[in-house]
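For reference, the structure discussed in these notes is given below.
None of the figures in this text is laboratory data; all of them are computed from the coordinates on show. This is a predicted model, so every value here is computed, not measured. Ideal geometry is used to build each Cβ from the backbone, glycine not excepted, and the neighbour counts take in all protein chains shown.
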Amino acid sequence: MKFVTKSPWILHYDGTSCNGCDIEVLACLTPLYDVERFGIINTGNPKHADILLITGSVNEQNIPVVKQLYDQMAEPKVVVAIGICATSGGIFAECYNVVGGVDKVLPVDVYVPGCAARPESIIDGVVKALDILAQKQKYARKKTGKNRINQETAKI
Amino acid sequence: MHILMNILFVVAAPFVGGLLTGIDRVITARMQGRQGPPVLQPFYDVMKLVQKESIEVNSMHRFFVYISLVFAIFTTSILLSGGDILLAVFALTLGSIFFVLGGYASNSPYSIIGSERELLQIMAYEPMVLLACVGLYYADNSFFVKEIINNSIPAIVYLPGVFLGLVFIITFKLRKSPFDLSMSHHGHQEIVKGITTEYSGRDLAVIEVTHWFEVIITLTLVFVFFATETPISKVFALVACALVYFLEIIIDNAFARLKWQQAFTSAWIITGTMGIINLLILSFFR
């Protein structure tokens, strides 16, 4: 049984965001949406987290931060880009300091569009990420598969 | 037969502890106007952590949490088989100390702060636990749990102050607000996760299971105050355990986290007033 889909713990990182998506991510935890129904907990700690939620685009200064957060997470792990800035850079794409979407730095598994992304679509994106997480778990349990994932990480 | 019963109790203890934690999470959610996770959520969490990769910081780091679990199991088996309550309390403290060493073993600033806070917490609650043991001896002339729970008068009659003090410091042991400064269950920041910051995967699962054992140990201490030789009193004692646990959940939701100075002084003031005055009065009348 894939217990990882029953208790996905989330790490939320704010890139170059306007804070709109961050507020919506936190809104998911409020009584109205209550993601803890699905066992989702917002951890503040990459070593406990299964899903990395990134809001906002990536800039030159936060590339090492994002990479380190991702590296510190234990396998299996997935990355969800929340909002259009995290997906492609959004309206900030042309800025001199903005590199672009999160996928320029990390292997993003799910893109959640929107400006700001609605809590419903964020929950939808996380639920989609759970399927990928389950697949990765199956993959990671095989020894060879695990090595391959590590190699992929190393390439990035 | 006795040994079999003991093994059965020790195997059942984490399941009951995990279930209580799950009920706790549902009640907490309802108090906050949320639906909350399924009751079996703590078991899902632990099973997930077992299946995940464990990141090893260094070789000693993992060893300490496993030793801590062994001492928690040891304490549970002593208490549930009616053994010496003093030995149980000291074994529990030893387990906590190993857990603290685990925090120090990784050179992470967050887990070192967590370890220091855990040591301060141990210093805050330990006098009251020892006073409770002394009080139980005063009341029942024995340190053995099986003799304490087979007396004609429940220990609570002699030790109401000690019991209230114990309920106060159980908040530390159950890691509930306002005294959850070393390792909180509601950790949205690294510093609040304290000692567990550097643990992941199976090691974190072991820490969680250790906590389930600790829930059972603390509730057993409550049980001892109410149980007498009559079977009906054991039912009352279980009801008292449930009420105390519910009270702790309310306290958890009603209070903000305190600074260590406030946690420390309030625990010692309660110990000094409730515990020591109760024992003084008891020694005067006996």
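Details
- GNM remark for chain B: springs join alpha carbons under 10 Å apart, and the peak mean-square fluctuation among B:His185, B:His61, B:His211 falls on B:His185.
- Sorting B:Phe236, B:Phe285, B:Phe246 from the fewest to the most surrounding beta carbons within 10 angstrom yields B:Phe285, B:Phe246, B:Phe236.
- Charge-dipole axis of the range B:196-286 as Lys and Arg at +1 and Asp and Glu at -1 on Cβ define it, positive-most pick from B:Pro231, B:Ala242, B:Phe284: B:Phe284
- Spin-label model, B:Asn253 to B:His186: label points 7 Å out along the Cα-to-beta-carbon direction sit 1.0 nm apart.
- Counted by neighbouring Cβ atoms within 10 Å, the residues B:Thr197, B:Thr171 run from fewest to most as B:Thr171, B:Thr197.
- Other residues lying with their Cβ under 11 Å from the Cβ of B:Val39 contribute a combined charge of 0, Lys and Arg counting +1, Asp and Glu -1.
- Separation of alpha-carbon centers, the range B:108-170 and the range A:43-113, rounded to whole Å: 48 Å
- Residues B:Cys133, A:Cys21 arranged by fewest to most Cβ contacts within 10 Å: B:Cys133, A:Cys21
- Exposed-site-free run, longest, chain B (rule: GluC sites (Glu not before Pro); DSSP loop; at most 15 other C-beta within 10 Å): B:57-228
- Of B:Lys52/B:Lys259; A:Lys47/A:Lys136; A:Lys6/A:Lys104; A:Lys104/B:Lys193, pairs whose Cα-Cα distance is over 26 Å: B:Lys52/B:Lys259; A:Lys6/A:Lys104; A:Lys104/B:Lys193
- Other residues whose C-beta falls under 11 angstrom from the C-beta of B:His186 contribute a net charge of +2, scoring Lys and Arg +1 and Asp and Glu -1.
- Global form of chain A, assessed from the alpha-carbon gyration tensor, a/c cut-off 1.5: oblate
- Each stretch of four or more DSSP H residues adds -39500 (n - 2.57); spread over every residue of chain B, this sum gives -24500 deg cm²/dmol at 222 nm.
- Using Cβ point charges alone (K and R +1, D and E -1), the dipole size of chain A about the Cα centre works out to roughly 1000 debye.
- Summarising the label geometry, the points placed 7 Å from Cα in the beta-carbon direction at B:Asn141 and B:Ala12 lie 3.2 nm from one another.
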